[in-house]
Amino acid sequence: MAKKKGLKAAGKGAGEPAVQADGLPAGGLRELLRVPSGGVDLTQYDPRSTAGFSGAKEDGKLALANLGAEVSDWQERLFAEGRTGGQRSILLVLQGMDTSGKGGVIRHGAGLMDPQGLKITSFKAPTPAEKRRGFLWRIRQAVPEHGLIGIFDRSHYEDVLIARVRELVPSNVWTRRYDQINDFEAELTASGVTIVKCYLHISPEEQRARLQARLDDPTKHWKYNPSDVDERKLWPAYMEAYDAAIERCNTPAAPWYVIPSDRKWYRNWAVTTILLETLKDLNPTWPTADFDVAQEKARLATT
């Protein structure tokens, strides 16, 4: 079997990128987890990898907590920029099989940031009215405004995933959607939206364990959906659909990242780290005052 990708980062070797003191390549975790151009075979990615992180579970949890102040600061800068004429925003797309942890990423990663600067949308099955408007219509309604970080729990990719696997539309329909998605994402990028697409990669064994845990704990029965077992039977078909979606829609403007997600703590740290790297790359700055600061200080002192 071919060696799986996404293993722990090692030291610099022949032909390897320069490595920073934290063990990440010069391009950060994004460079390490970004899907290269060309064909995609998710079976060659290790879902238990902790690429770019050499510590244990408790170290990972602490590392995530330590990101809080920095990611919150950069988020506030982006928010302030958007409220004073800036036209940039971020869209974080979370895709993955059931139990892969989309909600966990939002709870533990987005939970570090100010809610007023977030726009979180969880996409369920489209309503009859939404279906009549085209598959991208409801997605457009949820695009984050200037200054916001939008997070999609599932997304427009469901229309080339479940729609393909469950044959909800003819093949000639979902096949056209790859190009439509690329055009849509190019349009967003041109308008100032930075797109970060994360596939939360878990193994079928880990999914079984998580579903079993929900059945064993009465407080988690509300999270269990019997249809999840039906979807498990279609695992190979879903992997084929994900391979195609990631390969066909992995563009320079909107690349895909494969996030090893069998270890929840690593998944949360990895997605939050990629989001932080994206914010720092955008480098939003604090807006300058549009009033005379000294004069306002003097006025305030008299009150």
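Of all residues in the range 122-138, those that are assigned to a loop (DSSP other than H, G, I, E, B) and of a type in the set (Phe, Trp, Tyr) have Cβ atoms under 8 Å from Cβ atoms of residues that are at pLDDT below 95 and open to solvent by less than 90 Å² (accessible area, probe 1.4 Å), 6 or more apart or on another chain, in Phe135/Pro126.
Condition check: surrounded by fewer than 16 Cβ atoms within 10 Å (Cβ to Cβ) and modelled with pLDDT under 95. Does Asp230 satisfy that? Taking the combined requirement at face value, the residue satisfies it.
Among the candidates Trp174, Trp222, the residue that is of a type in the set (Phe, Trp, Tyr), loosely packed, with under 14 Cβ neighbours inside 10 Å and assigned to a helix (DSSP H, G or I) is uniquely Trp222. With respect to Ala63, is the statement that it is aliphatic (A, V, I, L, M) and outside any loop (DSSP other than H, G, I, E, B) true? Considered against the rule, which asks whether it is aliphatic (A, V, I, L, M) and outside any loop (DSSP other than H, G, I, E, B), Ala63 comes out as yes. Here is the figure for the range 270-289: residues that are outside any helix (DSSP H, G or I), open to solvent by 50 Å² or more (accessible area, probe 1.4 Å) and touching a residue at least 12 places away in the same chain (Cβ under 8 Å) total 3.
The test for being outside any helix (DSSP H, G or I) and charged (D, E, K, R) holds for Lys197.
Please indicate, with yes or no, whether at least one residue in the range 244-259 is exposed (fewer than 14 other Cβ atoms within 10 Å of the Cβ), at pLDDT 95 or above and within 17 Å of Thr99 (Cα to Cα). No, that holds for no residue.
The values are calculated or read from the model by the stated rules, or taken from the named source; none is laboratory data. All figures in this text were calculated on a predicted structure; none of them were measured in a lab. Note that we place each Cβ from the backbone using ideal geometry, even for glycine, and neighbour counts take in every protein chain shown. Protein only, heavy atoms only, side chains kept; ligands, DNA and RNA dropped before computing areas. Shrake-Rupley method; radii C 1.70, N 1.55, O 1.52, S 1.80 Å.
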